[in-house]
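For reference, the structure discussed in these notes is given below.
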C-alpha cells in the first residue's frame, strides 16, 4: 500500500503537469510509461495502474485552468473557454475555477455511487445502445440546430466545421490540438485583443452555488457515462450533448461540462470489466501493463480515483485562485502582450508538434471560429468537427 501511495503522489504531480501545460496530454505520458514497462517490472503492476489513473483524474481537473484563464483548450475542455472567459472578463475568473472544480468532484462522487449498479446493467443495455447510436446522435444534432435563433446559419457552421473535421481527423489524431486551438482558443483571443479589454481585478468572494447545481453535476456525470458506454463518442461530443440538453446559464454549464471527463475515467473501468471494451488511452495502457485486472483491483483503483480527486480539487482551486488574482492585476497593455504571447506560444507548440500542416489547420480553425459570434450562432456548433465524422462512420458512409 505504501508503494501504491507513492505512485499515486507521482501520478498527481504528472497530472498537474499535463493539465497546466498546453499540448501535453495524459495519453502521451501513458504511452511513455508503457514503453518503460521493462524498467518498471520490479514494481507491482497495480502500483503502475494507480499512477496512470491518478494522473488521468488530476488532469481532468487542472486542464480547466489554462482553458479559462488563457483560452487554450483541449478536446475535453474546448467549450469551457467561452463561458469561462466571459466570467473572467467580469472579474469572476476565480468563481469559474471553483465551479469547474466543484463540477469535477461532484461528478466523480456521483459516478462512484453509480459504479456497482452500473456493473449489473451495462452488459444488458450495451447491445441496444450500440445498435442505435446513429439515431441517438442524429437526434442530438437536430435538436441542437433547431434550438438556435438562426437555424440556417447554425446549419452552415455545423456543416463547415464537420467537413473541416472529416479531412483533419482522417487518420491524423495529432491535428486535434491545432484545430481546437484555432476554433475555440485563438479566435476567442483575437476577439479579446480587438476589444482592447483586459480582465478586471478578480473577485475572491465566497462562491454561491445555485439551486440547479446538483442537476448540472448529475448531467455532467451522465454525459461522462455516455462517453464510456457509447462507442465512438469522446468527451468533446458528450460536451456537445451537455450544451444542448440543459441550455441554462454559464455557471450551470461550467459545472456540467467539467464533470464529463472525470466521470468518464470511472466508467471506462466499468465498460472494460463488463464488456471488455477499452474506451480511453489510459485504460489501454493499464491493460498493457496489468492484463489480468480482478474486480478487487478495480476497487483499489476506485479508492485511488477518490483520493486523487480530492487532491485535485484543492490543487485546482489554489493554483487557479493564485493565477486568476495575478492575471486580474495586470494592465491593459500588459494583458494584450500576454494574450499575444499566448497566441505565439500556441503557434510554436503547433509547429513543434505537427509542423506546417498543423499551422494550416490552426489557421483554418481560427477562421471558422471567428464566424459564429459575428453571425449570432453559438460556437458549440463548431463541434460538428467531431460529430459529422462520427455520424458518417456509423452510417457506413
The lone exception for residue 7 - which of (1) assigned to a helix (DSSP H, G or I); (2) touching a helix residue (DSSP H, G or I) at 6+ places or on another chain (Cβ under 7 Å); (3) modelled with pLDDT under 80 it fails
(3)
Contact list, first residue from the range 302-313 and assigned to a helix (DSSP H, G or I), second anywhere and modelled with pLDDT of 95 or more and buried (at least 24 other Cβ atoms within 10 Å of the Cβ), beta-carbon distance below 9 Å, six or more apart or interchain, is none
Which one of the conditions (1) farther than 15 Å from residue 165 by Cβ; (2) free of Cβ contacts under 8 Å to residues at least 24 places away in the same chain does residue 359 fail to meet, given that it meets all the rest?
(2)
What do you reckon, is residue 35 surrounded by fewer than 24 Cβ atoms within 10 Å (Cβ to Cβ) and either within 27 Å of residue 188 (Cα to Cα) or without any contact (Cβ under 8 Å) to a residue 60 or more places away in the chain (or both)?
yes
Can you list the helices (runs of 4 or more DSSP H) found entirely within the range 200-279 that contain at least 3 residues being touching a strand residue (DSSP E or B) at 6+ places or on another chain (Cβ under 9 Å), at pLDDT 65 or above and more than 25 Å from residue 122 (Cβ to Cβ)?
none
Does residue 369 satisfy being in a helix (DSSP H, G or I) and in contact with a helix residue (DSSP H, G or I) (Cβ under 6 Å, 6 or more places away or on another chain)?
yes
Qualifying position, being modelled with pLDDT of 85 or more and either farther than 28 Å from residue 142 by Cβ or buried (at least 21 other Cβ atoms within 10 Å of the Cβ) (or both), among 361, 343, 367:
361
Flagged in the range 34-45 as under 13 Å from residue 287 (Cβ atoms) and modelled with pLDDT of 75 or more, in numbering order, are 34, 45
So, residue 377, is that one in contact (Cβ under 8 Å) with a residue 40 or more places away in the chain and assigned to a loop (DSSP other than H, G, I, E, B) or not?
yes
Out of all the residues in the range 172-186, is one or more farther than 16 Å from residue 391 by Cβ, outside any helix (DSSP H, G or I) and modelled with pLDDT under 70?
yes
Lone qualifier among 119, 70, 134, 99 - being at pLDDT below 85, touching a helix residue (DSSP H, G or I) at 6+ places or on another chain (Cβ under 7 Å) and within 30 Å of residue 203 (Cβ to Cβ)
70
Going by the conditions given, is residue 397 outside any helix (DSSP H, G or I) and closer than 16 Å to residue 165 by Cα?
yes
Would you please name the residue that is nearest to residue 226 (Cα to Cα), looking only at residues in the range 138-166 that are in a helix (DSSP H, G or I) and at pLDDT below 80?
140
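The values are calculated or read from the model by the stated rules, or taken from the named source; none is laboratory data. All values reported here derive from a predicted model rather than from experimental measurement. Here the Cβ is made from the backbone with ideal geometry for all residues, glycine too, and neighbour counts use every protein chain on show.
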